[in-house]
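Worksheet: one structure, shown below.
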Amino acid sequence: MPTGVFSQPRLVSSSIPKNMFNSPGLSLALQPNIDNQGDETRLGENFEGSIGRRSREEEHESRSGSDNMDGGSGDDHDPTTAAGDKPPRKKRYHRHTPQQIQELEALFKECPHPDEKQRLELSKRLCLETRQVKFWFQNRRTQMKTQLERHENSLLRQENDKLRAENMSIRDAMRNPICTNCGGPAIIGDMSLEEQLLRIENARLKDELDRVCALAGKFLGRPITGPPLPNSSLELGVGTNGTFGTTMATTTTLPLGHDALPTMVVPSNRPATTLDRSMFLELALAAMDELVKMAQTDEPLWIKNIEGGREMLNHDEYLRTFTPCIGLKPNGFVTEASRETGVVIINSLALVETLMDSNRWAEMFHCMIARTSTTDVISNGMGGTRNGALQLMNAELQILSPLVPVREVSFLRFCKQHAEGVWAVVDVSIDTIKESTTFVTCRRLPSGCVVQDMPNGYSKVIWVEHAEYDESQVHQLYRPLLSSGVGFGAQRWVATLQRQCECLAILMSSTVPTRDHTAITASGRRSMLKLAQRMTDNFCAGVCASTVHKWNKLNAGNVDEDVRVMTRKSIDDPGEPPGIVLSAATSVWLPVSPQRLFDFLRDERLRSEWDILSNGGPMQEMAHIAKGQDHGNCVSLLRASAMNANQSSMLILQETYLDAAGSLVVYAPVDIPAMHVVMNGGDSAYVALLPSGFAIVPDGPGSHGPISNGHVNGNTGGGSSSVGGSLLTVAFQILVNSLPTAKLTVESVETVNNLISCTVQKIKAALQCES
């Protein structure tokens, strides 16, 4: 074959200069050759050698071939070509103008993945072909990905170098041990406490390095190996049972699988180290995977309940699908699981920020969360967003009943962005890898929500709640409610979120609802709502005996069995009257629907049938502030008329709400001059009040109320018809003495106990319920 038929390939330099990447527009003008010719020249098209400047003709040949329509090779013409052979035609090259590059960069910032319609419109506007635009965006995305990977690799390399330096310094100290007493060399075989600690730290650093490399491999999608470390003749072994021991020239590290997580226990009396944080991150990644799968999978993992239509977890299928990331269920614990889907008036970014901020999270779900705090922030996220944020939190979760103890949980909260406008936030308990100072009565399995943006600022939320708890501490009356996943379940979280977001949307709207009291100014509305929220928070704290207030439980013999009486001292609190505050609460079952019971208790015209503060007559609504589309979601100011000249009229501040998970009616007598200040926009923090009220939830599936022995009748499934009942919690807070140093009397306790009993009897009589 003649040697002049093929042109010689151009040599390409193995190194690419920096100035090629410093100009994104120039480097991204390099387009792939459609005819698969001239590939050898593509990498060297912007190369400028240090020996000399190319000629104008060579520079013209080395530019981009993005508009090469002739399909010829980009190689130089070989001077040895035979005279009779036709030389190949040279390509026609086109270099993007600065204006074209500017337009392309501007669109890339807004939309890195333009569709065909956008590419066609851009190509017409820039006088380019659609495939040129397409190739430019492909190269731009490739360059962006390369730069990000280079940055991540640099960070990992720095971390590995740091760990290696620490390890080497420890090894140097071990090679030349010094006696702490005489300052001379230590005797071989006599291991001091300091050397033992160094050996333990050495093993910890090696294990940490392995974990960091494994986690980095998960993020980057390829295995990452740490730098080789020199071996010493004596290394510390860490057994899989979490104990330490010395072995000769061998080291056994913890496996990276999720099953090994419970074997390493972090003491709770010290802050989280780098090793602890890597363990937390591994647990968070496993919990996130489980949450997303549980949110996306339907049958057979989730089964529809025939009675209420709620989704129930198939526990056998769950155990076949998932490996428990926090270990097996403790003995005596029972499982509750639920899933709920809803549409909420909030975008995904705002909801994620609310969930990752402990204060905003507690404010959004203030009737469900008694107290919460963030104990450690392991990661704030990447790129100025919450993507990858990981933090350690404590929380007290509550049901408004004295018969259900507050759930104290310590958990990790991990946030991750899965796609544009799609986020997930997961919680998982850390009791198996971090020692707890208190006895654990509840474990939070991977739970949380997946949020997806919808048009008009709405979001679709899929909420999953999964927990294990000690049922022996729950009263028989509430066990069906909790075991069905209704009490602390996903339906309650979604219903509360929908109601709160609807309230925020109404309050932020410039238009005032027609049923609102128009005489109240905007600042007055805000002050009244702030006062009402404080009233409701104090009511919840008094019902559940959370740590918000220091309550002391009383064991009085003249109090009913299911009535809990507590007392505390109110000192130097401008929002409460000073003295001794007595709180009494109880829960009863009533054979009426929750809706009927709520309508009866919130109606000011029927208040005289159960409220002794109404002076035996009807009340008048003086002010009304809507907090939702339902008329029952509001804050109102009621006035009790004086029955005779000796009685003075008074005002009652009342807040009511209703959602799919339950309802609430909270009220408190308030001072008339103080409320005038609040309604005019004054500070509500100095209004003293003690709240009382009612909390209503539907009874659990299959529950028909208590029977004579105090237990709950279950659904036998026979011919008997099911009665839709309600669980009603009644609670009062009363100032029994204005002196904080005074002693509590038996008469005060009996008065509060009689008040609760009398109120319950009046409600039953008014609703024609059997005693």
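The values are calculated or read from the model by the stated rules, or taken from the named source; none is laboratory data. Keep in mind it's a predicted model, so treat the numbers as computed, not measured. Neighbour counts are summed over all protein chains in view; Cβ atoms, including those assigned to glycine, are modelled from backbone coordinates with ideal geometry. For the accessible areas, the whole protein counts, side chains as well, though only heavy atoms, and no ligand, DNA or RNA atoms are used. Shrake-Rupley method; radii C 1.70, N 1.55, O 1.52, S 1.80 Å.
Can you tally the net charge around PRO330? Count Lys and Arg as +1, Asp and Glu as -1, for every other residue whose Cβ sits under 11 Å from the Cβ of PRO330.
Taking every other residue near PRO330 into account, the sum is -1.
Order 406-417, 453-464, 148-159 from most to least packed using the mean count of other Cβ atoms within 10 Å.
Sorting 406-417, 453-464, 148-159 by mean packing, highest first, produces 406-417, 453-464, 148-159.
With a probe of 1.4 Å, find how much accessible area segment 98-149 has per residue, and write the answer as a whole number in Å².
On a per-residue basis, 65 Å².
Calculate, in nm to one decimal, what CYS127 and ARG526 gain on full extension: separation in residues at 0.36 nm each, minus their alpha carbon distance.
137.9 nm
Hey, rough spin-label estimate for MET382 and MET174, points 7 angstrom out along Cα→Cβ, what's it come to in nanometres?
Each label point lies 7 Å from its Cα, and together they span 3.4 nm.
Dividing the alpha-carbon Rg of segment 98-149 by 2.2 N^0.38 Å yields what?
The reported ratio for this selection is 1.09.
Roughly how big is segment 98-149's charge dipole about its Cα centre, with Cβ charges of +1 (Lys, Arg) and -1 (Asp, Glu), in debye to the nearest 20?
100 debye
Grab the alpha carbons of segment 274-506, take their convex hull, and tell me the volume per residue in Å³.
On the way: hull volume 31.6 nm³, N = 233.
Given the Cα convex hull of segment 274-506, per-residue volume reads 135 Å³.
Can you tell me the length gained on complete extension of the stretch ASN331 to ASP671, counting 0.36 nm per residue apart and subtracting the Cα distance?
Roughly 117.1 nm would be gained on extension.
GLN768 to LEU120: FRET efficiency via 1/(1 + (r/R0)^6), r the Cβ-Cβ distance, R0 60 Å, to the nearest 0.05? Walk me through the intermediate numbers first.
Numbers: r = 73 Å, r/R0 = 1.22.
Given R0 = 60 Å and the Cβ-Cβ separation, E is 0.25.
Work out the FRET efficiency for GLN473 and ASN359 from their Cβ-Cβ distance, taking R0 = 30 Å, and round it to the nearest 0.05. Before the final figure, lay out the partial values.
Values: r = 29 Å, r/R0 = 0.96.
Taking R0 as 30 Å, the efficiency between GLN473 and ASN359 is 0.55.
Mind giving me the nanometre distance, one decimal, between the label points for GLU621 and GLN452, set 7 Å out from Cα along Cα→Cβ?
Distance between label points: 3.9 nm.
For segment 274-506, what is the charge dipole size about the Cα centre, in debye to the nearest 20, if Lys and Arg each add +1 at the Cβ and Asp and Glu each add -1 at the Cβ?
Working: 20 positive and 28 negative charges, 43 e Å.
For segment 274-506, the charge dipole is close to 200 debye.
Could you pull the accessible area for HIS418 with a 1.4 Å probe, rounded to 10 Å²?
80 Å²
Using 0.36 nm times the number of residues separating ALA419 and ALA106, minus their current alpha carbon distance, what extension gain do you get?
Numbers: separation 313, 0.36 × 313 = 112.68 nm, distance 2.19 nm.
Full extension of this stretch gives 110.5 nm more.
Report the calculated FRET efficiency for LEU155 and ASN305 (r = Cβ-Cβ distance, R0 = 45 Å), to the nearest 0.05. Mind showing how you got there, number by number?
Values: r = 49 Å, r/R0 = 1.08.
It comes to 0.40.
Kindly list the residues of segment 722-765 that lie in the label zone of ILE571, defined by a backbone N under 19 Å from the point 7 Å along the Cα-to-C-beta vector.
What the label zone holds, given the 19 Å backbone N cut-off, is 735-745.
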